[in-house]
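Trainee: The structure's right below; bear with me while I get my questions together.
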Amino acid sequence: MSELYPFRMLPAFDPRPWGTLDLSPVYPNHRFTEKIGEAWLTGDACQVSNGPLAGKSLAELSLRYGRELIGDAARDPSRFPLLVKFLFPHEKLSVQVHPDDEAARRVGEPWGKTECWYVAHAKPGARIALGLKPGVTRDQFAKAILQTEAENLLNWINVYAGEMIYVAAGTVHTLGPGSILVETQQQSDMTYRLYDYGRARELHLERGLAAVKEKVASGKVIRPAPVELNGSHSRRSPLITAPYFAVDMFELKSPHEFASSDDCSVQIMVVLEGCGIIEVSGTEPVTLAKGDAVVVPASISTFRVRPQWAVELIRAAVPGKPQPEPATGM
């Protein structure tokens, strides 16, 4: 019998100059004395908070349990495949780009960084920049950086709660203030900073400009309609299926059984509203509330989520079959 069980993760709060002291929309009971930009939920160093493996990091557990934890869908049998985190932009982020797998391998890294953002909250006027304006070349953008006009060549779009944004590796991008995002990405922290509004932080122009792609598939994901679950007033909303991840939203008002899919992947459950209990036969139940993440190992074939009145959560996993990039629009 497997030693594994659902892991409730300790969030790792990461200070950033563009962050905020007020994380109450997600973490109402936390208080901070420095600006927090990100809350990492499944990074390599993130730790389990429940059960016999409490205090162990996902990196340690991935090495120890391999496919039993992460499943057959992930490329590397010894490394946790997905990093999920909350983003809390209160000021503009730097303009940046992430390399694709090929560019990452050229500098000795195993893979690059493609990501997606689910817009959990958005104030009126919240914007992001996604890609270069049509017709803008890499050389033109490089000159605009030196002339402190880089922002003018970016494709700025308004964002609204409930949208999913696909950010392919090689996409020049940044976030404006006013939103809270749930990011699902390849397990990589490779970021090349291209422009930073005069802040005294290092830029990575040579490698960053080499990683920039003029045309990308990034954009707002065009999604199918939600699906009702068992006539129970609960529903599942597919958010994105892409080469590196698949993310779905579940709004549960009654217990729901989850099964290990054909993808055979670890599953990450993140609560956005309400609370619930994850139940697996033979293990202690795991209670989760707003802001909590639970990692369900691939070896667990079935589990149940029992809402406490109601719970809204997203589930992220690795697709078991090759997937194209999603259909998007601006």
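Yes/no per residue for (1) touching a Leu at 6+ places or on another chain (Cβ under 8 Å); (2) basic (Lys, Arg); (3) more than 19 Å from Cys116 (Cα to Cα):
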{"residue": "Cys264", "(1), (2), (3)": "no, no, yes"}
{"residue": "Gln267", "(1), (2), (3)": "no, no, no"}
{"residue": "Val271", "(1), (2), (3)": "yes, no, no"}
{"residue": "Glu279", "(1), (2), (3)": "no, no, yes"}
{"residue": "Thr287", "(1), (2), (3)": "no, no, yes"}
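Trainee: A further question follows. Just wondering, is there one or more residues in the stretch 200-208 that are touching a His at 6+ places or on another chain (Cβ under 6 Å), assigned by TED's automatic domain parsing to the domain that holds Lys85 and over 26 Å from Ile300 (Cβ atoms)?
Mentor: Residues of the stretch 200-208 that are touching a His at 6+ places or on another chain (Cβ under 6 Å), as a first pass: none.
No.
Trainee: Please go through the stretch 46-58 and give me each residue that is crowded, with 21+ Cβ neighbours inside 10 Å and over 19 Å from Gln185 (Cα atoms), ordered by number. Walk me through how you get there before you give the answer.
Mentor: As a first pass, look at the stretch 46-58 and keep what is crowded, with 21+ Cβ neighbours inside 10 Å: 46, 48, 58.
Listed by number, the list holds a single entry, Val48.
Trainee: Mind checking which strands (runs of 3 or more DSSP E) fall wholly inside the stretch 229-311 and carry at least 2 residues that are crowded, with 19+ Cβ neighbours inside 10 Å and in contact (Cβ under 8 Å) with a residue 60 or more places away in the chain? Write out each step before concluding.
Mentor: Working: elements: 234-241, 246-252, 256-259, 267-279, 286-289, 293-296.
The strands (runs of 3 or more DSSP E) meeting that bar are 234-241, 246-252, 267-279, 286-289, 293-296.
Trainee: Which one of these does Ala126 not meet: (1) at pLDDT below 95; (2) touching a strand residue (DSSP E or B) at 6+ places or on another chain (Cβ under 8 Å)?
Mentor: (1)
Trainee: Shifting gears a bit: Which condition number in (1) on the phi > 0 side of the Ramachandran plot; (2) part of a helix (DSSP H, G or I) is the one that Gly55 fails?
Mentor: Of the numbered conditions (1) on the phi > 0 side of the Ramachandran plot; (2) part of a helix (DSSP H, G or I), the odd one out for Gly55 is (2).
Trainee: Right, next: For the stretch 312-330, which positions are among the aliphatic types (A, V, I, L, M), farther than 25 Å from Asp76 by Cβ and buried (at least 18 other Cβ atoms within 10 Å of the Cβ)?
Mentor: Here is the first cut: in the stretch 312-330, the ones among the aliphatic types (A, V, I, L, M) are 313-314, 316-318, 327, 330.
Filter again for farther than 25 Å from Asp76 by Cβ, leaving 313, 327, 330.
Within the stretch 312-330, Leu313 is the sole residue that qualifies.
Trainee: Test Ala169 against the criterion of being in the same structural domain as Val26 (by TED's automatic domain parsing), modelled with pLDDT of 95 or more, more than 13 Å from Val212 (Cβ to Cβ) and surrounded by 19 or more Cβ atoms within 10 Å (Cβ to Cβ), and give yes or no. Write out each step before concluding.
Mentor: Details: in the same structural domain as Val26 (by TED's automatic domain parsing): yes; modelled with pLDDT of 95 or more: yes; more than 13 Å from Val212 (Cβ to Cβ): no; surrounded by 19 or more Cβ atoms within 10 Å (Cβ to Cβ): yes.
No.
Trainee: Here is a follow-up. Could you please tell me which pairs satisfy a Cβ distance under 6 Å, a separation of 6+ or placement on different chains, a first residue in the stretch 1-25 that is within 17 Å of Ser301 (Cβ to Cβ), and a second residue that is in a strand (DSSP E or B) and at pLDDT 95 or above?
Mentor: Pro6/Ile278; Pro6/Val286; Pro6/Val294; Pro6/Val296; Phe7/Val48; Phe7/Val295
Trainee: Continuing with this model, one more query. Checking the conditions here, which among Gly43, Gly37, Gly66 is on the phi > 0 side of the Ramachandran plot, surrounded by 14 or more Cβ atoms within 10 Å (Cβ to Cβ) and modelled with pLDDT of 95 or more?
Mentor: On the way: Gly43 fails: on the phi > 0 side of the Ramachandran plot; Gly37 fails: on the phi > 0 side of the Ramachandran plot.
Being on the phi > 0 side of the Ramachandran plot, surrounded by 14 or more Cβ atoms within 10 Å (Cβ to Cβ) and modelled with pLDDT of 95 or more holds for just one of Gly43, Gly37, Gly66, which is Gly66.
Trainee: Do we find that Ala217 is more than 23 Å from Pro11 (Cα to Cα) and either surrounded by 15 or more Cβ atoms within 10 Å (Cβ to Cβ) or within 18 Å of the chain's Cα centre (by Cα) (or both) in this structure? Don't jump to the end; show me each part of the working.
Mentor: Values: more than 23 Å from Pro11 (Cα to Cα): yes; either surrounded by 15 or more Cβ atoms within 10 Å (Cβ to Cβ) or within 18 Å of the chain's Cα centre (by Cα) (or both): yes.
It is true that Ala217 is more than 23 Å from Pro11 (Cα to Cα) and either surrounded by 15 or more Cβ atoms within 10 Å (Cβ to Cβ) or within 18 Å of the chain's Cα centre (by Cα) (or both).
Trainee: Condition test on Thr184, is it polar (S, T, N, Q), in contact (Cβ under 8 Å) with a residue 12 or more places away in the chain and part of a strand (DSSP E or B)?
Mentor: Numbers: polar (S, T, N, Q): yes; in contact (Cβ under 8 Å) with a residue 12 or more places away in the chain: yes; part of a strand (DSSP E or B): yes.
Yes.
Trainee: Select from the stretch 135-159 the residues that are of a type outside the set (A, V, I, L, M, F, W, C) and either surrounded by 12 or more Cβ atoms within 10 Å (Cβ to Cβ) or within 29 Å of Val182 (Cα to Cα) (or both) and list them in ascending order.
Mentor: Result: Thr137, Arg138, Gln140, Lys143, Glu149, Glu151, Asn152, Asn155, Asn158.
Trainee: Let me ask something else. Could you tell me whether any residue of the stretch 239-255 is of a type outside the set (A, V, I, L, M, F, W, C) and more than 24 Å from Val119 (Cβ to Cβ)? Before the answer, list the steps.
Mentor: Looking only at the stretch 239-255, we keep the residues that are of a type outside the set (A, V, I, L, M, F, W, C), and these are 241, 243-244, 248, 251, 253-255.
Add one more test, that the residue is more than 24 Å from Val119 (Cβ to Cβ), and what stays is 254-255.
Looking for residues that are of a type outside the set (A, V, I, L, M, F, W, C) and more than 24 Å from Val119 (Cβ to Cβ), one finds at least one in the stretch 239-255, hence yes.
Trainee: So which residues in the stretch 1-26 are part of a strand (DSSP E or B) and small (Gly, Ala, Ser), if there are any at all? Walk me through how you get there before you give the answer.
Mentor: To start, the set of residues in the stretch 1-26 that are part of a strand (DSSP E or B) comprises 7-9, 12-20.
Those that are part of a strand (DSSP E or B) and small (Gly, Ala, Ser): Ala12, Gly19.
Trainee: Just name the residue that is modelled with the lowest pLDDT out of those in the stretch 1-29 that are under 29 Å from Val280 (Cβ atoms) and loosely packed, with under 15 Cβ neighbours inside 10 Å. Working first, answer last.
Mentor: To start, the set of residues in the stretch 1-29 that are under 29 Å from Val280 (Cβ atoms) comprises 1-13, 26-29.
Checking which are loosely packed, with under 15 Cβ neighbours inside 10 Å leaves us with 1-3, 28-29.
Values: Met1: 53, Ser2: 76, Glu3: 92, Pro28: 93, Asn29: 90.
For the stretch 1-29, the residue satisfying everything is Met1.
Trainee: Next question. Quick check: is even one residue across the stretch 67-85 in the same structural domain as Gly131 (by TED's automatic domain parsing), part of a helix (DSSP H, G or I) and of a type in the set (A, V, I, L, M)? Steps first, answer last, please.
Mentor: Restricting attention to the stretch 67-85, the residues satisfying the condition of being in the same structural domain as Gly131 (by TED's automatic domain parsing) are 67-85.
Still in the list and also part of a helix (DSSP H, G or I): 67-70.
Among the residues that remain, those that are also of a type in the set (A, V, I, L, M) are: 69-70.
Among the residues of the stretch 67-85, at least one is in the same structural domain as Gly131 (by TED's automatic domain parsing), part of a helix (DSSP H, G or I) and of a type in the set (A, V, I, L, M), which makes the answer yes.
Trainee: Here is a further query. Give all pairs with beta carbons closer than 7 Å in which a residue from the stretch 29-53 that is touching a residue at least 24 places away in the same chain (Cβ under 8 Å) and of a type in the set (Phe, Trp, Tyr) meets a residue that is surrounded by 15 or more Cβ atoms within 10 Å (Cβ to Cβ) and not in a strand (DSSP E or B); count only pairs at least 6 apart in sequence or on separate chains.
Mentor: As it stands, the answer is Trp40/Pro11; Trp40/Cys46, since those pairs meet every condition given.
Trainee: Using the structure shown, decide if Gly176 is surrounded by fewer than 22 Cβ atoms within 10 Å (Cβ to Cβ) and out of contact with any strand residue (DSSP E or B) (no Cβ under 9 Å at 6 or more places or on another chain).
Mentor: Numbers: surrounded by fewer than 22 Cβ atoms within 10 Å (Cβ to Cβ): yes; out of contact with any strand residue (DSSP E or B) (no Cβ under 9 Å at 6 or more places or on another chain): no.
Here the answer is no, as Gly176 does not meet what is asked.
The values are calculated or read from the model by the stated rules, or taken from the named source; none is laboratory data. All values reported here derive from a predicted model rather than from experimental measurement. Virtual Cβ from ideal backbone geometry, glycine too; neighbours counted across all protein chains shown.
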